[in-house]
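Just below is one structure, and these are the notes that go with it.
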Amino acid sequence: MSAPVVIHRPSPTGGRRVTIRGHIAGLAMGDTDVVEFLRRAGLPDAETLLDHPEWVEWRGGRAHEYRAA
């Protein structure tokens, strides 16, 4: 089973698209944005989930990096 949160590869203009359970949550420019998306989705302790692969899958780039590809 895949992680419920996917942080997609950095876009050419910067930022990363974030999906939660298959629904687009928004474009994150940093970890703070991702935490806010998770909080809005009702995930408890959102800031602690970013480095847990059972919750978050980082695709197409290094974790916690949002610069343009």
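The values are calculated or read from the model by the stated rules, or taken from the named source; none is laboratory data. This one's a predicted model, so the numbers in the text were calculated from it and none came from an experiment. In this analysis, Cβ positions are derived from the backbone assuming ideal geometry, glycine residues included, and neighbour counts consider all displayed protein chains. These accessible areas exclude ligands, DNA and RNA; they are computed on the full protein's heavy atoms, side chains included. Shrake-Rupley method; radii C 1.70, N 1.55, O 1.52, S 1.80 Å.
The table that follows gives values for the structure above.
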| read-out | value |
| --- | --- |
| Filtered residue count, segment 25-38, keeping only those that are open to solvent by 20 Å² or more (accessible area, probe 1.4 Å) and either more than 25 Å from A68 (Cβ to Cβ) or outside any strand (DSSP E or B) (or both) | 7 |
| Selection within segment 1-24 - surrounded by 12 or more Cβ atoms within 10 Å (Cβ to Cβ) and either small (G, A, S) or assigned to a loop (DSSP other than H, G, I, E, B) (or both) | A3, P4, S11, G14, G15 |
| Pairs with Cβ under 8 Å, 6+ apart, first in segment 50-69 and part of a loop (DSSP other than H, G, I, E, B), second among the β-branched types (V, I, T) and modelled with pLDDT under 95 | A68/T13 |
| Residue selected from segment 39-67 under the condition within 13 Å of V5 (Cβ to Cβ) and touching a strand residue (DSSP E or B) at 6+ places or on another chain (Cβ under 7 Å), by the criterion surrounded by the most Cβ atoms within 10 Å (Cβ to Cβ) | V56 |
